[in-house]
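**Student:** Please see the structure below; I have some questions.
The values are calculated or read from the model by the stated rules, or taken from the named source; none is laboratory data. Computed from a predicted structure; not experimentally measured. We place every Cβ from the backbone using ideal geometry, glycine too, and count neighbours over all the protein chains shown. Keep in mind that these areas ignore ligands, DNA and RNA; they rest on the heavy atoms of the full protein, side chains included. Shrake-Rupley method; radii C 1.70, N 1.55, O 1.52, S 1.80 Å.
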Amino acid sequence: MQDENSPIWLPRLAGNKGPRFLQIADALQAALADGALKPGDRLPPQRRLAAQLDVDLTTITRAYDEARRRNLLEGRGARGTYVAAPKVELTSLLDLSMNTPPPPDGVDFDDMLKQGLSQVLMRADNALLMTYHLGGGSDSDRKAGAKWLEPMFGHLESRQLVVCPGAQAAIAALILAQTEPGDIILAEPTTYPGLRAAATQFGRRIIAVAADKHGMLPEVLEQACRQHKPGLVYLNPTLQNPTATTMPERRRKELASIAQRCNVRIVEDDPYWLLADAPPPPIATFAPEQVTYISTLSKCLTPGLRVAFVLIRDPHQRERFLAALRSFALMVAPLTAALATQWILDGSADQLLEGVRNEARLRHRMASDILAGRYSGAADGLHVWLELPAYWNSSQLARAADSEGIAVTPAEAFATGSVSVNAIRISLGGIKDRGRLQAGLQRLSHLLARRPESHIAAVV
């Protein structure tokens with residue numbers, strides 16, 4: 001433990017490495033990791049550190065507040081501020097199963113949230129934030145949605161958009177609006193589990209259409225459309241969940257052409273487009289009247305924003321969709337929608353998106369290094385599809401991982417028919433702390449290298 005005469009701890013600051021208060025908090029975390037600081041060490045008084053670093057006192061106060069938020073510091077009244085002892089972890093579970101955005105790199109999310117809510121409460125009619133909204137979003141919310149979708153489509157008329165409480169609600173409403181009980185929905189052999197949950201609940205049947213490394217096979221889709229007369233075709237073409245593949249433009253055009261020839265509607269669920277590196281245009285650009293496009297904020301910004309924008313160009317289809325949506329999810333919570341709109345219109349959403357992108361890429365590099373020889377990710381997005389060695393099957397591996405405190409998702413969870421691939425999905429955003437993510441990936445890598453028999457012998 002340091003005494004009063006110990007040398008002052010001084011972080012190194014760089015002018016182009018983000019906000020200085022975050023640099024200081026990051027430097028403190030790094031000093032703890034490499035042993036330069038230890039639990040119980042006293043930190044310099046804030047005014048003294050501000051003078052040493054030639055920054056204002058507010059910067060140091062924000063840095064110390066951020067470090068407290070990370071559970072790195074504790075105040076002891078007049079005695080000063082000290083490095084906190086590690087908190088006892090109540091659970092050792094390392095969750096690589098939940099596909100959520102990681103904490104944004106270089107962004108003070110807490111401050112952004114406080115500022116955004118403050119702006120909403122200052123500018124909005126509070127009575128309107130606490131009442132019913134029946135039109136699929138306010139005019140401002142739809143205009144924000146049109147702005148959010150500009151990178152995909154350019155200029156859009158905001159009246160073509162519906163604001164929904166998340167993509168899952170949008171998918172369910174589309175199934176209700178555009179299919180009848182007993183109808184068939186076509187999807188890839190491995191696909192988003194929420195589709196299967198909604199289809200089963202509503203009495204619809206999913207049939208798998210074969211896919212290759214580029215996505216659903218056009219000739220097989222056309223044959224299935226003519227044979228089954230499906231109510232919908234469901235596609236997730238960008239950083240597909242779970243395989244993380246991105247469908248090339250040529251394949252998108254081919255599928256759009258088939259939808260037009262066979263007069264079948266496509267649901268294009270596209271939560272990861274804005275996280276991808278130079279993705280092709282959405283399928284909806286090639287068959288605008290045949291495709292309903294869904295873009296959710298929950299996967300690229302934060303799960304707490306239960307806001308999705310649904311592009312439906314045909315006004316009659318839009319009204320049917322709204323009627324179906326209102327039967328189980330009357331509206332987006334107005335306060336949440338207002339916050340999303342505020343962030344999109346003032347640029348905060350773009351800043352948050354860039355932070356999520358940067359953090360996701362850092363985590364992919366970490367996964368690539370640790371899972372060397374097995375990693376086949378796209379280096380962006382939120383997840384990795386890891387094909388397993390022959391001596392493991394996915395369910396067996398998931399159970400073995402669970403016994404070692406790691407949660408992963410086996411291929412069976414995504415299968416629309418019989419399981420066609422031996423793989424697991426690893427989600428990189430659900431563990432907040434990079435160090436814990438690294439520990440989870442390393443533990444998983446060691447498990448993959450062992451045969452099931454040796455794992456069983458180790459845990460019996």
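**Student:** A85 versus D350, label points 7 Å from Cα toward the beta carbon: distance in nm?
**Tutor:** 4.8 nm
**Student:** Note the angle between two axes, namely the Cα long axis of helix 315-326 and the longest principal axis of the Cα atoms of the chain, as a number of degrees from 0 to 90, rounded to the nearest 10.
**Tutor:** 60 degrees
**Student:** Work out how much length A333 to Q227 would gain on full extension: take 0.36 nm times their residue separation and subtract the Cα-Cα distance, in nm to one decimal.
**Tutor:** Values: separation 106, 0.36 × 106 = 38.16 nm, distance 4.17 nm.
Here the answer is 34.0 nm.
**Student:** Follow-up question, since we're still on this one. Only bridges with both residues in the chain count here: give the DSSP antiparallel percent, nearest 5.
**Tutor:** Numbers: 22 of 37 bridges.
Here the share of antiparallel DSSP bridges comes out near 60 percent.
**Student:** What relative contact order, as a whole-number percentage, does region 224-270 give when Cα pairs under 8 Å and 6 or more residues apart are counted?
**Tutor:** Computed value for region 224-270: 55 percent relative contact order.
**Student:** Roughly speaking, what is the stretch gain from T131 to R261, that is 0.36 nm per residue apart minus the C-alpha to C-alpha distance, in nm to one decimal?
**Tutor:** Values: separation 130, 0.36 × 130 = 46.80 nm, distance 4.43 nm.
Roughly 42.4 nm would be gained on extension.
**Student:** Over the chain, what relative contact order in percent results from Cα pairs under 8 Å that are six or more residues apart?
**Tutor:** Reported relative contact order: 19 percent.
**Student:** If you keep only loop residues by DSSP, which chymotrypsin sites (Phe, Trp or Tyr not before Pro) in region 53-160 have at most 15 other Cβ atoms within 10 Å of their Cβ? Could the numbers behind the result be given before it?
**Tutor:** Values: sites: Y64, Y82, F109, Y132, W148, F153; in loops: Y132.
Within region 53-160, the qualifying chymotrypsin sites (Phe, Trp or Tyr not before Pro) (loop, at most 15 other Cβ atoms within 10 Å) are Y132.
**Student:** Which aspartates and glutamates have a Cα lying under 15 Å from the Cα of K114, excluding residues fewer than 8 positions away in the same chain?
**Tutor:** Excluding near neighbours in sequence, the set is D65, E66, D346.
**Student:** Taking Cβ-Cβ under 4.7 Å as the only way to count a partner, pick out the unpartnered cysteines of the chain.
**Tutor:** Among the cysteines of the chain, those whose Cβ sits 4.7 Å or more from every other are C164, C300.
**Student:** What is the gain in length, in nm to one decimal, between L93 and R436 on full extension, counting 0.36 nm per residue of separation less the C-alpha to C-alpha distance? Mind showing how you got there, number by number?
**Tutor:** Numbers: separation 343, 0.36 × 343 = 123.48 nm, distance 0.99 nm.
In short, 122.5 nm is gained.
**Student:** Taking R0 as 51 Å, what FRET efficiency do you get between S376 and S140 from their Cβ-Cβ distance, rounded to the nearest 0.05? Each step should come with its number before you reach the end.
**Tutor:** On the way: r = 42 Å, r/R0 = 0.83.
With R0 = 51 Å, the Cβ-Cβ based efficiency is 0.75.
**Student:** While we're here: What's the FRET efficiency of Q115 with A14 using the Cβ-Cβ distance as r and R₀ = 25 Å, to the nearest 0.05?
**Tutor:** Values: r = 25 Å, r/R0 = 1.00.
The formula returns an efficiency of 0.50 here.
**Student:** Thinking of region 23-93 as a set of Cα atoms, what percent of all their pairs are more than 18 Å apart? Don't skip to the end; give the middle numbers.
**Tutor:** Numbers: 922 of 2485 pairs.
Considering region 23-93, 37 percent of its Cα-Cα pairs are separated by more than 18 Å.
**Student:** Here's a follow-up. Heavy atoms only, probe 1.4 angstrom, no DNA, RNA or ligands counted: give me C225, C262 ranked by accessible area, highest first.
**Tutor:** Values: C225 5, C262 30 Å².
Solvent-accessible surface, decreasing: C262, C225.
**Student:** Let me ask you something else. Go through T100, T285 and list them by solvent-accessible area, largest first, probe radius 1.4 Å. Can you show the working numbers first?
**Tutor:** Values: T100 30, T285 55 Å².
The ordering from most to least exposed comes out as T285, T100.
**Student:** Region 378-460: which trypsin sites (Lys or Arg not before Pro) are DSSP loop and have at most 16 other beta-carbon atoms within 10 angstrom?
**Tutor:** Answer in residue order: K432, R450.
**Student:** Still on this structure, I have one more. Can you give me the convex hull volume of the Cα atoms of the chain, divided per residue and expressed in Å³? Could the numbers behind the result be given before it?
**Tutor:** Details: hull volume 78.6 nm³, N = 460.
It comes to 171 Å³ per residue, whole-number rounded.
**Student:** Give the relative contact order (percent, whole number) for region 149-249; include only Cα pairs under 8 Å separated by 6+ residues. Don't skip to the end; give the middle numbers.
**Tutor:** Working: 116 pairs, mean separation 28.0, N = 101.
It rounds to 28 percent for region 149-249.
**Student:** How much accessible area does M366 have with a 1.4 Å probe, in Å² rounded to the nearest 10?
**Tutor:** Using a 1.4 Å probe on the heavy atoms, I get roughly 40 Å².
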